[in-house]
Amino acid sequence: MLADGASESTQLQVAMALRQIAVEVPVRGSMVQHGAFRVCSDLASSPKASVKCVREAAWCLGKILVTTNPNVLTEAQRLDAIPPLMRLLKDHHADELMHFEALLGLTNLASVDDATKNRITSEKGGVRALEYLQFSDHELVRRAATECMTNLLPHPKVVEHLRDPEKIKLWVGFSEDYEVDFPTARAARSEEHTSELQSPL
């Protein structure tokens, strides 16, 4: 109610308050049930909201989606959350924790169905943004980006992207780096999905 027709300053305070509430894992389900998820989705997509408000609202969506079963969300809720999360991943001023939690949220969404995979891959520069974050200096961001890409397989756009010989070298590098970072190597070697990439290079 506060966010509806609110000033830019009030919108920001609402987004920040909801993001701080979402730190508490047990209340995230209630945030979905009582409309906080929808408010954040609206604020993160609002052309009238400030950059900081959009960032805070998208971050809140990511936090909620980290631990929420995406199957309890409506299809509209799942699809509407994707553009704000993708914008947050492309936001070079966002910090690594924002990127990490947004990636985990997207990874969760990508596990649901083809509709979510289509929405993620149809975002302009979406696949490239995920690939860019695979080069992050932060180990957990690299791992989350790799897991997200794996969950998007076998979507044709991702398969086409990874079949590029230069891209597949990156993937092989991750999968063979198990002595340094086993969780990322395991994410890159998902047998269920990487069979789609087998083709003459």
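The values are calculated or read from the model by the stated rules, or taken from the named source; none is laboratory data. Since we're looking at a predicted model, the values are computed, not measured. For accessibility, only protein heavy atoms count, side chains too; no ligands or nucleic acids. Shrake-Rupley method; radii C 1.70, N 1.55, O 1.52, S 1.80 Å.
Quick notes
- Over all pairs of different C-alpha atoms in the stretch 1-145, the reciprocal of the mean inverse distance, the Kirkwood hydrodynamic radius, equals 15.0 Å.
- Counting protein heavy atoms only, the stretch 75-152 has 48 percent of its accessible area on carbon and sulfur, 1.4 angstrom probe.
- Relative contact order (percent, whole number), the stretch 10-149, Cα cutoff 8 Å, 6+ residue spacing: 21 percent
- Accessible surface computed residue by residue for the stretch 33-124, with neighbouring protein chains in place and a 1.4 Å probe, gives 43 Å² per residue.
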